[in-house]
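The values are calculated or read from the model by the stated rules, or taken from the named source; none is laboratory data. Because the structure is predicted, anything quoted here is derived from the model rather than measured. Virtual Cβ from ideal backbone geometry, glycine too; neighbours counted across all protein chains shown. In case anyone asks, the SASA skips ligands and DNA or RNA and just uses the protein heavy atoms, side chains included. Shrake-Rupley method; radii C 1.70, N 1.55, O 1.52, S 1.80 Å.
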Amino acid sequence: MKTIFLFLFLFLFSVTSFASDESMTIEDRRSLTYFSNPFLIGDWYFLKPAHVENDYDVLHISLSSNNKFRIEMIEIASNTVEEWEGVFEISHDSIRFGGNEDESEIYRYQVSHNRLYLNGVEFFKVVPERIIGSWHSELLSGEDIMASNVKSLNLKLRSDFIFSLEVISHTGKSNRHIGYYYLENNDLVLLYEEGEQESTFHIMEDLLEIKNEQFGMYALLVRQ
């Protein structure tokens, strides 16, 4: 897998690897908000341009908050996949992939809420389809909810990792937040100008359950 990974980035796109002097770290935190660059977490895809001749059509990179990675090179015609797994380390602009062997690869990266660039090659991020959509609250509870006089919530989670949250009070006053979100497993973080909120979520068909144990908040939302 390693040689294929090198071939894709070093030959197809004439991009060179480099060694960074920046110190790299492996994260050891439970909360997603403590991860150095949480936008990295998730599933990233590169699709081979039609004019490029190569056996592999898709490159999939999965990055998790426990610093484990999985890279898949996928050939659609033959339905074959080659994999490389290991641990990654990051600095503010470099990422090192290390497998089971002593070898490793270092790449320069830039990342946004839905784009990752490795040595200039663009990957796009894919959100689980089950969470995409518009959600309206059916049930709200918790001390913070009651203290804030919240009557209902409207939450929209888009496929480009942008969310909008409308909070409606019992007096009819509406307050809207727009920002980015990221998630892993059942952890969901909403990131907006005024701050961030981390919750756990669970989806049952068209019901979205959100909990925040720190603030004692519970919300049950239905897909619109």
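Within the bounds of region 125-138, is there any residue that is in a strand (DSSP E or B), over 28 Å from His177 (Cβ atoms) and basic (Lys, Arg)?
Start the filter on region 125-138 by keeping residues that are in a strand (DSSP E or B), which leaves 125-126, 133-138.
Subset that is over 28 Å from His177 (Cβ atoms): none.
For region 125-138, residues in a strand (DSSP E or B), over 28 Å from His177 (Cβ atoms) and basic (Lys, Arg): absent.
Within region 73-126, can you find the residues that are in contact with a helix residue (DSSP H, G or I) (Cβ under 7 Å, 6 or more places away or on another chain) and of a type in the set (S, T, N, Q)? Scanning region 73-126 gives Ser112, Asn119.
Considering each residue of region 158-171 in turn, none proves to be among the aromatic types (Phe, Trp, Tyr), part of a strand (DSSP E or B) and modelled with pLDDT under 95.
Condition (residue is out of contact with any Lys or Arg (no Cβ under 9 Å at 6 or more places or on another chain) and at pLDDT below 85) applied to region 54-73: is it met by at least one residue? Yes, region 54-73 has at least one match.
Scanning region 134-168 for residues being hydroxyl-bearing (Ser, Thr, Tyr) and in contact with a helix residue (DSSP H, G or I) (Cβ under 9 Å, 6 or more places away or on another chain) gives a total of 1. Among the residues making up region 137-162, those that are among the aliphatic types (A, V, I, L, M) and open to solvent by 50 Å² or more (accessible area, probe 1.4 Å) are Leu139, Met146, Ala147. Remark: pairs (first residue in region 192-204, in contact (Cβ under 8 Å) with a residue 40 or more places away in the chain and surrounded by 10 or more Cβ atoms within 10 Å (Cβ to Cβ); second residue of a type in the set (D, E, K, R) and in a strand (DSSP E or B); Cβ separation under 7 Å; 6+ apart in sequence or on different chains) = Glu198/Asp187; Phe201/Glu209. Looking at this structure, is Ser64 within 18 Å of the chain's Cα centre (by Cα), under 23 Å from Asp160 (Cα atoms) and surrounded by 15 or more Cβ atoms within 10 Å (Cβ to Cβ)? In short, yes.
Taking region 84-121 as the search range and keeping residues that are of a type in the set (S, T, N, Q) and in contact with an Asp or Glu (Cβ under 9 Å, 6 or more places away or on another chain), which one is farthest from Asn37 (Cα to Cα)? Break it down into steps so the answer makes sense when it comes.
Residues of region 84-121 of a type in the set (S, T, N, Q): 91, 94, 100, 104, 110, 112, 114, 119.
Checking the rest, the ones that are also in contact with an Asp or Glu (Cβ under 9 Å, 6 or more places away or on another chain) come to 91, 94, 100, 104, 110, 114.
Values: Ser91: 9, Ser94: 11, Asn100: 24, Ser104: 21, Gln110: 10, Asn114: 13 Å.
Looking at residues that are of a type in the set (S, T, N, Q) and in contact with an Asp or Glu (Cβ under 9 Å, 6 or more places away or on another chain), I get Asn100.
With respect to the conditions (1) surrounded by 15 or more Cβ atoms within 10 Å (Cβ to Cβ); (2) closer than 29 Å to Asn67 by Cα, Tyr117 falls short on a single one, namely (1).
Screening the candidates Phe97, Phe124 for the property of being within 21 Å of the chain's Cα centre (by Cα), closer than 26 Å to Ala50 by Cα and aromatic (Phe, Trp, Tyr) yields one hit, Phe124.
Selection within region 203-224: residues that are in contact with a Lys or Arg (Cβ under 8 Å, 6 or more places away or on another chain) and not aliphatic (A, V, I, L, M). The member of this set that is farthest from Val126 (Cα to Cα) is Tyr218. Restricting Glu122, Glu83, Glu103, Glu72 to those that are farther than 18 Å from Phe46 by Cα and either of a type in the set (S, T, N, Q) or touching a residue at least 12 places away in the same chain (Cβ under 8 Å) (or both) reduces the list to Glu103. If you go through region 207-222 and keep only what is modelled with pLDDT under 95 and surrounded by fewer than 15 Cβ atoms within 10 Å (Cβ to Cβ), you end up with Glu213, Gln214, Phe215, Gly216.
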